[in-house]
1. Please determine, by comparing only the residues of segment 208-228 that are surrounded by fewer than 24 Cβ atoms within 10 Å (Cβ to Cβ) and closer than 20 Å to residue 195 by Cβ, which one is modelled with the highest pLDDT.
2. Out of 495, 477, 417, 435, which single residue is part of a helix (DSSP H, G or I), modelled with pLDDT of 95 or more and either farther than 18 Å from residue 211 by Cβ or open to solvent by 70 Å² or more (accessible area, probe 1.4 Å) (or both)?
3. For segment 379-437, name all the residues that are β-branched (Val, Ile, Thr) and without any contact (Cβ under 8 Å) to a residue 40 or more places away in the chain.
4. Among the candidates 89, 82, single out the residue that is modelled with pLDDT of 95 or more, open to solvent by less than 30 Å² (accessible area, probe 1.4 Å), closer than 30 Å to residue 337 by Cα and not polar (S, T, N, Q).
5. Test residue 57 against the criterion of being open to solvent by 50 Å² or more (accessible area, probe 1.4 Å) and among the aromatic types (Phe, Trp, Tyr), and give yes or no.
6. Out of all the residues in segment 15-31, which are over 24 Å from residue 99 (Cβ atoms), in a strand (DSSP E or B) and touching a His at 6+ places or on another chain (Cβ under 8 Å)?
7. Does segment 357-384 hold any residues that are hydroxyl-bearing (Ser, Thr, Tyr), open to solvent by 30 Å² or more (accessible area, probe 1.4 Å) and assigned to a loop (DSSP other than H, G, I, E, B), and which are they?
8. For segment 318-331, give me the residue count where each residue is within 19 Å of residue 378 (Cα to Cα) and either surrounded by 14 or more Cβ atoms within 10 Å (Cβ to Cβ) or of a type in the set (S, T, N, Q) (or both).
Amino acid sequence: MLAKVTSGAILGIDGYKVDVEVDISQGLPAFDIVGLPDSAVKESKDRVRTAIKNADFVFPIKHITVNLAPADTKKAGPSFDLPMAVGILVCMDVIPHEAIRDIVFVGELSLDGGLRRVNGVLPILHAAFKNGCKKAVLPADNTEEGALVSGMEVMGVNSLPELIGYMNKREWHRTVVNIDELFSDERMYYIPDFSDVKGQESVKRALTIAAAGFHNILLIGPPGSGKTMMAKRLPGILPELSLEESLEITKIYSIAGLLDNKKALITARPFRAPHHTASHVSLVGGGRNPMPGEISLAHNGVLFLDELPEFQKRSLETLRQPLEDRQVTITRVGGVHTYPSFFLLAASMNPCPCGYYGSSNKCRCTQHEISNYLGKISGPLLDRVDIQAESPFVDYTALQSSRPSLSTKEIRAIVMAAAAFQRERYKNERFVFNAQLGSSDIDRYCAIDNAGRALLRQAFEKMGLSARAYHKCLRLARTIADLEQSERIEVKHLAEALQYRGLDRKYW
């Protein structure tokens, strides 16, 4: 007898439909799985056999063949356990064949017949819905994630016997998720708070601009000046996520197995801070079975690289292409995987190995040591940074001052107003932040007057700006104008944008 069960698999961050075809026929007892299964899929036969037996059913002592179609794509992971078991039970007449029609089955089986959570449910159900499936059966721990797919009726089950009961009685217990309620959950935006940071008003201003337009930022200063402290407060002032952005992030985290069991939807922008010993594969993604790296896990959020020169040079250079293309393509023998990587790069560094070059403290480094240290940051990578901000020592007066500083809540209100200003302007466009403007978009949205052109021409010639830096200055000026709710880019906005391009001339 032949049974066909619908399931799905992952390719990059997208899912695709997989037909699990199960045939039970006379012959020598065997259990064969074909269709390019990996080791985890091949081991499914032992889990399926034992789960069915422990669910008090007699496993058929016949020749069982399972085909995972399409057969020319690699299948990985334990999520095919449930569809295989359902196919066998249909062939055994335990479950009616018509009961499984147009239903997607995804799940891992334990040996006692229970169902365990699997990764990648959200993209799998998205793909299944596009292929006409309107219902899905998932492990109970995956149901809220699956229910995020609009129009998909999701039922969670805890065990194989429970599923058999539902299928025979034709009962359907749908899981409903209130997306508005998920977004209304207040995260701790204001801990840690910017009000704890004494002084450094110029750096706070630079971070405000970076958050409002999603511009890359580099903080340079001596040890103890508060670079890391301020960068870690950046997530609290970022604009809110839209539903589309949230679903994109949730897809990536679902595939990577980093989704919180207690919260199906990620509603806060990610903040990823890998250690400087991270390899280029962990940053960009890849591996034997390609997985998203840190730059994709930071999609629509912040990638913070503390002590930037301490990262491997190869790792830093791999960031150049994703920073421009906002996606990374990983090519392996098994196929090509593309992951999104639109992130705000925030980095911090000392100006020299001892950290005191250019400060009031005496630097102990030789010029050769300073040149080698700064040389770890290449010109092409530095050119992709929109804002270069210097973080000097905080003086004693500022530390002892009782004068209130702007809090995270107050700064975030400023950023949110600028973000709303941008969204209204770009409501008919494919982008939402100024950092996403292309060359043709800059001509349309970043027009400057004659005085502005004269200033920019003078800066271009004296500072030796590249074409990329020229466009970044205009995008940055556009954000500074948005912070003042100004549709016109004035000379003062352009002048402030240009001052954030000076540190590479000072140090490099």
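The values are calculated or read from the model by the stated rules, or taken from the named source; none is laboratory data. Nothing here was measured: the structure is a model prediction, and the numbers come from that model. As a convention, Cβ positions derive from the backbone with ideal geometry for all residues, glycine included, and neighbour counts pool all protein chains shown. Keep in mind that these areas ignore ligands, DNA and RNA; they rest on the heavy atoms of the full protein, side chains included. Shrake-Rupley method; radii C 1.70, N 1.55, O 1.52, S 1.80 Å.
1. Filtering first and then ranking leaves 208.
2. Being part of a helix (DSSP H, G or I), modelled with pLDDT of 95 or more and either farther than 18 Å from residue 211 by Cβ or open to solvent by 70 Å² or more (accessible area, probe 1.4 Å) (or both) holds for just one of 495, 477, 417, 435, which is 495.
3. Within segment 379-437, just 397 meets the criteria.
4. 82
5. Against the criterion (open to solvent by 50 Å² or more (accessible area, probe 1.4 Å) and among the aromatic types (Phe, Trp, Tyr)), residue 57 qualifies.
6. Matches in segment 15-31: 30 only.
7. Passing the criteria: 357, 359, 360, 366.
8. The number of residues fulfilling the criteria is 6.
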